[in-house]
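Each value in this text was obtained by applying a stated rule to the coordinates, not by laboratory testing. What you see is a predicted model, and the numbers here were worked out from it, not measured in a lab. Methodologically, a virtual Cβ is constructed for each residue, glycine included, from the backbone with ideal geometry; neighbour enumeration extends over all protein chains shown.
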Amino acid sequence: MIIDAAPLPGFPEPYGLLCAIMEDASADWRTELDRPDLGPEITTWRAREGGPSIGAIMLHVIAAEVFWVERAVFGGEISDEVKKELLWDELDVDSDTWPDAPAQPLSWFFELHAKYRKQSLEAIKGWPPAETVYPFHNREVSLRWILGHLIQHEAYHGGQVMMLYGQWKASGALRQGS
């Protein structure tokens, strides 16, 4: 059996390949969960007071993708509706500020991610050439770097989701005296 990340059709290169890798990376960590759906008691649980929950991490992953695909590249403003849905103004990872995530099952967060990913993929189809450089925070970044960064960013946070889920399982076992 050959495992491959064939470029997505309809995308100019290297976007087709990078988007295929992004989709594969998302699916990879998601399938490692040993339950098909985690309830809100798990998606809102925190290992420490004020720390991230699985749901809050998912909102951050989605918000980062929206930011880089829409705002950083096209300079567009994020709508108030999107900001409200993603807790945009409450969530500040750099300051370790993690709001309470909506009490929803993981499937809800995955569906939200799929909705925004679909929008991202459509936007990326119309991006300028990959070597196009944009000024960003006193440096310049290429569109290739932005997609690579999004892949790395989600993989990093996908690992956090997996770790939090493991901690949640362990904390339940400890509470039950196992």
Of the GluC sites (Glu not before Pro) in the stretch 1-100, those whose Cβ has at most 13 other Cβ within 10 Å and which sit in DSSP loop:
Glu32, Glu49, Glu77
Rounded to the nearest 0.05, FRET efficiency between Arg71 and Asp28 (Cβ-Cβ, R0 25 Å) equals 0.40
Could you check the simple spin-label distance between Arg139 and Ala103, using points 7 Å along Cα→Cβ, in nm with one decimal?
4.1
For the pair Met1/Glu81, report the inter-label distance in nm, with labels modelled 7 Å from Cα in the Cβ direction.
4.1
Taking other Cβ within 10 Å of each residue's Cβ, how do Tyr116, Tyr134 sort, fewest first?
Tyr134, Tyr116
In degrees, nearest 10, the alpha-carbon axis of helix 106-125 is tilted away from the dominant principal axis of the alpha carbons of the chain by 10
Cα point-scatterer Debye curve for the chain, base-10 log of I(q)/I(0) at q = 0.10 Å⁻¹
-0.42
